[in-house]
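Notes to accompany the following structure.
The values are calculated or read from the model by the stated rules, or taken from the named source; none is laboratory data. This is a predicted model, so every value here is computed, not measured. FYI the Cβ positions are ideal-geometry reconstructions off the backbone, even for glycines, and counts take in every protein chain you see.
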Amino acid sequence: MPKRKTKTAFIGIKLTAQEAALLTKLQDGLNSTTKTQVLLKGLDLMDKVYLSTSVSSNVALTEKEEMSSPIATNLELARLEYEARQYSIRVQQAKSKTKEVMRQVAQELSKTDEIVDKHKGDKSKLIQVLLELQRENKWLSEESLKWVSQKLDVPLTQIYHMATFYKIFSLVPKGRHSIMVCTGTSCEVRGTSHLLDRVIKTLKIRPGETSSDMRFSLGTVKCLGCCALGPVMVIDGKYYSRPSVKEIEQITATLD
Amino acid sequence: MTRLQSANDLESLKKEILAKKDPNKLCVTICSQTGCQAVLSEEVFRAFSEQIDRNGLRGKVDLRRTGCHGFCGRGPIVTVFPQNICYLGVKPDDVAEIISTTLVKNKVVSRLLYDAGDGRKIAQEDEIPFYKYQSRFVFANNRVIDAKNIDDYIAVGGYRALATVLSEMMPEQVIDEVKKASLRGRGGAGFPTGIKWETARNASGKIKYVIVNAEEGDPGAFMDRILLEGNPHGVLEGLIIGAYAIGAHQGFVYVRQEYPLAVENLMVALKQARKDGLLGRNILGSGFDFDVEVHCGAGAFVEGESSALMTSIEGRVGEPRPKYIRTAVSGIWERPSNLNNVKTWATVPFIINNGAGWFTSIGTSGSKGTMLFSLAGKVKNTGLIEVPMGMTLREIVFNIGGGTIDDKRLKAVQTGGPLGGVLPERLLDTPVDFDELSRLGSMMGSSGMIVMDEDNCMVNIARYFLSFLIDESCGKCVPCREGVFRMLEILNRICTGTGKLDDIKLLEEISGMVSGFSLCGLGAAAPNSVLSTLKYFRDEYEAHIEEKRCPAGVCKGALIS
């Protein structure tokens, strides 16, 4: 087995020598090589520790209160107990949510790993890496950009320069269905502004926005090259030529 | 299949492919590029495939997808060979009738033919006015070959020019031939290709690159896409010839990610060419090595500029740099890099096959050969056309395009995309070539051609192009970033009825600054739309400012329509 290189950083966090050694040990011990698995294992461990401390602190609280409990403070005690319970529930909820989010992040990052590895960590392939990420997730999250920055050894500012320069990249999550209205020259002279108005009226979102239920994202595109159909609208890759308000309503109603 | 080792191998492969083809066998082809796919050409293909089986015709009829025929306004286009019957606007429901009538009984379904308007129906594609007035060379193979099958391209004589070059010509001879042909860059600027090649060849440095510019960010232009989607081998062949002439062993194709089918077909083409020994080490046994890498652009108009494109290939943000030193001398990683447009590369094999003499016999004195245009806007026959240089705008719009939609009065034709200008109706007899268009304040540019009628407001069109350009300006240099922004501000004012009397003068003044002092071609040509509309439609500007009126009834706001 080749000797594992000692990590100096992990998911963007600088490690001390002690932590780095621990990480290497952990990776070897788990017999797994990817960061994702280490991350997931770490989450599991964290969960267990959290659970035990929260339970024991509850117990401690009750004991302490009981030891010095005059009857007059009973009400106060009940209130405190109630609050403590509520707090504990909230912590549990927050933890499970954090866990879910972390799991998603971990998944996203492992996908990012795959993409970066596919391009052999070549810095000059930064655009291609970001393009594939965008295609995979429909947006570029801060976590994944930091990950790319670290893996390709490219400053984060440079990555943001690129991610904000090109139109294809989105720094906010996109809806499940993409709706694009062509505003190329040919569609423009054929009156695409009316089509865009109709779509805005139906979906109640403006270009660049996503509906609050994450169903639709509306965008404009400069020419799709099917000028004969103009003004044209594309929903999830399907083309619609000169749709009326009623047609737009019908089409969008069928999408969940 | 083993790799081809010589020109003779290629010739015998061609014979082998042709021997397998029966010219009298029934064959149905369906245009299946983006334009036709948008109108359900895939469904038509599936319907044919199922019903051919159901009618027991499998084996008797070939069914193939082909590249774009250009007549996008009337897609999907189905052609039946050997009769060469062209059916337009075919829907999946029409398939049964085509099979029972044409394939079984050898009769014509006349309702699907082109209607000439005078009661005549036209069955042959070449007879349809849209095609009749064109001269198709570069674009001709699209309709007969399947882009995903290299054999189709070889069968029509593909890679023959490459074989000639590698077996009979020295690199200098290739450059000489291209120079003699006076081929000018089809990307729009019209720089002599031969001279560019020579510069790159003579530039010092061992490692050199050749690049295909397919970053067609121009709204309303789609020729590059059609060529890459429909005939990627044609572009590749030109590129390999260029690489040999220049002495490059590595090529790049820079293509927009908005063109997924082009990327897909190109990838397939590269794979097939490598397998056949037309790419990679020792091409056709000549000892010449060359390979190609595909780069996807992420959507930036400015990336079509050569230095910006090359910066982007290096993995950095695609912003242009001053070109005191040409990219042919110092481009990607400061090595000599020769960049040409898709159409330019695709033209090269024709020059080698037919000779520079043939090429110079077509076109005008300053612009030789044919040119591809996308004809769109308020025109009846939208589509992609190839005409000799020097054909007049009137011939293009009326003979080929069939005139304006609903026969409204034509107001102007816009050429060259956002960086070009508009030409009014009275200049329709202008012969279209590089120099003539520049002289009139427009340009060849991306060779998009947008027809506008009386319902289009010229001030609004100028505003549209500036708002496009302000989105696309990379922001590196001030004249472009700030100047175009201020011009747009003024146009917004005029279009909403709050324009001032001296706004026109101010527009002209800023235009001079922007075009004179911008870093790259984008800024230099950005004011064209404003200047040309001011030149030919000043009265519309004045109506907006003085009378608070939009003559075309387009501009909203405080204006009376």
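How about region B:310-326: which of its residues are part of a loop (DSSP other than H, G, I, E, B) and not aromatic (Phe, Trp, Tyr)?
Passing the criteria: B:Glu314, B:Gly315, B:Arg316, B:Val317, B:Gly318, B:Glu319, B:Pro320, B:Arg321, B:Pro322, B:Lys323, B:Ile325, B:Arg326.
So which residues in region B:441-469 are in a loop (DSSP other than H, G, I, E, B), on the phi < 0 side of the Ramachandran plot and out of contact with any Lys or Arg (no Cβ under 8 Å at 6 or more places or on another chain), if there are any at all?
B:Ser442, B:Met443, B:Met444, B:Ser446, B:Cys457
Find the residue count for region A:121-148, including only residues that are more than 19 Å from B:Pro260 (Cα to Cα), in a loop (DSSP other than H, G, I, E, B) and either β-branched (Val, Ile, Thr) or away from chain B (no Cβ under 13 Å) (or both).
Number satisfying all stated conditions: 1.
Looking for something more than 14 Å from chain B (Cβ to nearest Cβ), more than 21 Å from B:Gly299 (Cα to Cα) and not in a helix (DSSP H, G or I) - is there at least one such residue anywhere in region A:97-109?
No - not one qualifying residue is present in region A:97-109.
Would you check if there is a residue in region B:220-240 being of a type in the set (Gly, Ala, Ser), under 27 Å from B:Glu258 (Cα atoms), assigned to a loop (DSSP other than H, G, I, E, B) and at pLDDT below 95?
yes
Given the options B:Glu425, B:Glu314, B:Glu319, name the one that is in contact (Cβ under 8 Å) with a residue 40 or more places away in the chain and acidic (Asp, Glu).
From the options B:Glu425, B:Glu314, B:Glu319, the qualifying one is B:Glu319.
Conditions (1) in a loop (DSSP other than H, G, I, E, B); (2) buried (at least 18 other Cβ atoms within 10 Å of the Cβ); (3) within 14 Å of another protein chain (Cβ to nearest Cβ), marked per residue:
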{"position": "B:Trp358", "(1), (2), (3)": "no, no, no"}
{"position": "B:Gly366", "(1), (2), (3)": "yes, no, no"}
{"position": "B:Leu372", "(1), (2), (3)": "no, yes, yes"}
{"position": "B:Ala376", "(1), (2), (3)": "no, yes, yes"}
{"position": "B:Glu386", "(1), (2), (3)": "no, yes, no"}
{"position": "B:Arg394", "(1), (2), (3)": "no, no, no"}
{"position": "B:Val397", "(1), (2), (3)": "no, yes, yes"}
{"position": "B:Gly402", "(1), (2), (3)": "yes, yes, yes"}
{"position": "B:Lys411", "(1), (2), (3)": "no, yes, yes"}
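Which one of these does B:Cys68 not meet: (1) under 27 Å from the mean Cα position of the chain (by Cα); (2) at positive phi?
(2)
Taking B:Lys535, is it in contact with a Gly (Cβ under 7 Å, 6 or more places away or on another chain) and assigned by TED's automatic domain parsing to the domain that holds B:Gly475?
It is true that B:Lys535 is in contact with a Gly (Cβ under 7 Å, 6 or more places away or on another chain) and assigned by TED's automatic domain parsing to the domain that holds B:Gly475.
Do any residues in region B:287-307 that are more than 18 Å from B:Pro320 (Cα to Cα) have Cβ atoms under 8 Å from those of residues that are among the β-branched types (Val, Ile, Thr), where the two are at least six apart or on different chains, and which pairs are they?
B:Asp289/B:Ile283; B:Phe290/B:Ile240; B:Phe290/B:Ile283; B:Val292/B:Val253; B:Glu293/B:Val253; B:Val294/B:Val253; B:Val294/B:Val255; B:Val294/B:Val263
Starting from residues that are under 27 Å from B:Glu454 (Cβ atoms) and β-branched (Val, Ile, Thr), keep the ones in region B:504-541 and report whichever is farthest from the chain's Cα centre (by Cα).
That would be B:Ile504.
Taking B:Gly299 as the residue in question, decide whether it is small (Gly, Ala, Ser), modelled with pLDDT under 90 and crowded, with 24+ Cβ neighbours inside 10 Å.
no
Assess whether A:Ser149 counts as being of a type in the set (Gly, Ala, Ser) and in contact with a Leu (Cβ under 8 Å, 6 or more places away or on another chain).
yes
Sort out which residues of region B:470-501 are within 22 Å of B:Gly441 (Cβ to Cβ), of a type in the set (D, E, K, R) and either modelled with pLDDT under 95 or part of a loop (DSSP other than H, G, I, E, B) (or both), and write them in order of number.
B:Glu472
Looking at region A:156-211 only, could you name the residues that are surrounded by fewer than 16 Cβ atoms within 10 Å (Cβ to Cβ), of a type in the set (A, V, I, L, M) and closer than 19 Å to A:Ser241 by Cα?
Residue satisfying the conditions is A:Ile200 alone.
Cβ-Cβ distance below 8 Å, separation of 6 or more or different chains: which pairs start in region B:239-258 with a residue that is over 15 Å from B:Ala203 (Cα atoms) and within 13 Å of chain A (Cβ to nearest Cβ) and end on one that is acidic (Asp, Glu) and buried (at least 21 other Cβ atoms within 10 Å of the Cβ)?
Qualifying pairs under 8 Å: B:Tyr254/B:Glu215; B:Tyr254/B:Glu303; B:Val255/B:Glu215; B:Arg256/B:Glu215; B:Arg256/B:Glu216.
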